[in-house]
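First up is the structure itself, then whatever we jot down about it.
Just so you know, all these numbers are worked out from the coordinates, no wet-lab data involved. This one's a predicted model, so the numbers in the text were calculated from it and none came from an experiment. Note that each Cβ is placed from the backbone with ideal geometry, even for glycine, and that neighbours are counted across all protein chains shown.
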Amino acid sequence: MMKTLNITALLLLSFSLFCSFSHAQDWAGEKEWAEQIALRYDPAGWPAKNGPVVAGLEMGKELTEGFGLSSDYNLWIDVDDERIVQRYFTAPEGRTTVGIAAARSCAAAHKVLFKHLARPRAMVPLEPPALPYGEIRLEGVGDICFATPIAGGGGFHSIAFTRFNVAVLLRTFDREAAGTLRDLAVAFDKAIVGQRLYKDWISSNQWPEIVRFDAAATRVKTKSIVPLAVDLSTPASIGTPLVIDWEMSAGGIATIEDASNYHAEGEGVESLTLLVADQRGLTTSSKIEFEITR
């Protein structure tokens, strides 16, 4: 009887260790798989690897109303030292989502694509041109494009591509919409190609700028309220940035009539980051660190 219990305990222990290992792989999988994709499909050989760039993509009526898309949410991601916003639009009836991310360089857009393709529990890469989860290289869309065909043909579950410095991420859970997902991808590709081209993001002089972001004091007591000085600049033809977000390690933000205040909380060094994006998805950010005392 004792031997049976020992074997059972050993099996349970082995299973627990396997689960722990699998969980650890979840955390490491995205980074490792992104690196493997980058190596396997060397972006140095892709078109538009060093430019030119476009100044984002404004979602006009031909894209939104034409395909029944409406603004849904924004997801901020880190790519090297750049904060990039992925703007997501949805077509509720077709259960379709479209993510648009405009980076400052083509290389950064490639990394947005890698991050999108890299998933937890990623499988070991198969021999080219296959990718995990059934992705294939899709020609005729973007500079580089990966897609997941539906079983039996007739459409795609997902299409992800880059064109210049813009990454476009499409996905649908509707079989009928899958049949036209490539048409949607082509429409976005044409819209990007139709933009004016610039040598690089700086020479375009189109990106929003945080002219000033500071506080009168950065050593404050916890629970105190700290007024913030914020001054933003965008090209006159674009107007005021449409997306202003905040990220903080502790505390909160209250904005009343364009005046923003930081509600200090925590203890020690805490950070506050201002994230700004215009209607074309062009972004900038700035960070303040506070020393919080009791």
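Structure values in brief
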{"quantity": "Förster radius 35 Å - calculated FRET efficiency between residue 291 and residue 233 (Cβ-Cβ, nearest 0.05)", "calculated": "0.75"}
{"quantity": "Entries of 111/199; 61/111; 115/190 with Cα pairs more than 22 Å apart", "calculated": "61/111; 115/190"}
{"quantity": "Computed FRET value (nearest 0.05) for residue 218 with residue 244, which takes r as the C-beta separation and R₀ as 30 Å", "calculated": "0.90"}
{"quantity": "Relative packing of 278-291, 246-259, which averages over residues the other C-beta atoms within 10 Å, highest first", "calculated": "278-291, 246-259"}
{"quantity": "Within segment 186-294, percent of DSSP bridges classed antiparallel, to nearest 5", "calculated": "90 percent"}
{"quantity": "Nearest-0.05 FRET efficiency for residue 175 and residue 254, computed from C-beta distance (R0 30 Å)", "calculated": "0.05"}
{"quantity": "Whole-Å semi-axes of the ellipsoid equivalent to segment 191-294 (Cα gyration tensor, √5λ, descending)", "calculated": "32, 13, 11"}
{"quantity": "Set of aspartates and glutamates with alpha-carbon distance to residue 287 below 17 Å, sequence-local pairs under 8 removed", "calculated": "78, 80, 81, 82, 209, 214, 231, 245, 247, 265, 270"}
{"quantity": "Estimated Rh, segment 133-250: Kirkwood, alpha-carbon pairs, angstrom", "calculated": "18.3 Å"}
